[in-house]
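The values are calculated or read from the model by the stated rules, or taken from the named source; none is laboratory data. Just so we're clear, the structure is a prediction, and the values are computed from it rather than from any experiment. Cβ placement follows ideal geometry from the backbone for every residue including glycine, while neighbour counts extend to all protein chains displayed. Side chains included, ligands, DNA and RNA excluded: accessible areas come from the protein's heavy atoms. Shrake-Rupley method; radii C 1.70, N 1.55, O 1.52, S 1.80 Å.
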Amino acid sequence: ASIQATIDKQLDARAIEESELHLDTRPVNMSDIVDNAVVLHRMHGESAGIQVDFARPSAAANALLDGVNIEQAINALIAYAMGRSVAGGSVDIAVESTAQQLTFSVRDAGEAIPQEALGKLFAASGDDSREGLGLAIARKVVNGHGGQVWAENSEGGGVKIGFDLPAAMPSVSF
């Protein structure tokens, strides 16, 4: 990488870390947001020969979220998984909810990632690709909602990335 590319990468990472995040949270069903994102990625997946699967849960995944920002985070995670997939592969998307927590995850069928690299996946300086910057932004958005991002090698191969968010209190109207 050139010196200018390295400087640009550091400036992008710094801008992400220092930027203020303004959230406009409202009661939403996160599965609705995921549905919107999946439509776009399925179209891209079809042209690339990658199957994009989302088994929408029957129970609502309600939370107080900034839908625009969370959709940006969801898109970043799906784009990362699709970028690791090859024709004939698949990307599996899931939303799970309990009374206290919502979990969004994306599993790809790519190669495993060394454990030390998994911990740096969401770091603003970890990757200078568009997907890498997208993951750093996703981390900032999720953290702004009181959640946590995570990444792990999947038992059946590939990598599973996602985030956990606090679920909405039952007293919130949807």
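Tell me the strands (runs of 3 or more DSSP E) entirely within segment 33-147 that contain at least 2 residues that are more than 21 Å from GLY158 (Cβ to Cβ).
Here the list reads 62-65, 101-107.
With the requirement that a residue be farther than 20 Å from ALA151 by Cα, of a type outside the set (D, E, K, R) and in contact with a strand residue (DSSP E or B) (Cβ under 9 Å, 6 or more places away or on another chain), what does segment 56-90 give you?
Passing the criteria: PRO57, ALA59, ALA60, ALA61, ASN62, ALA63, LEU64, LEU65, GLY67, GLY88.
In segment 90-119, how many residues are open to solvent by 20 Å² or more (accessible area, probe 1.4 Å), closer than 11 Å to LYS160 by Cβ and of a type in the set (D, E, K, R)?
Residues that pass the stated criteria total 2.
Name the residue that is nearest to ALA167 (Cα to Cα), counting only residues in segment 30-86 that are charged (D, E, K, R) and touching a Lys or Arg at 6+ places or on another chain (Cβ under 8 Å).
ASP66
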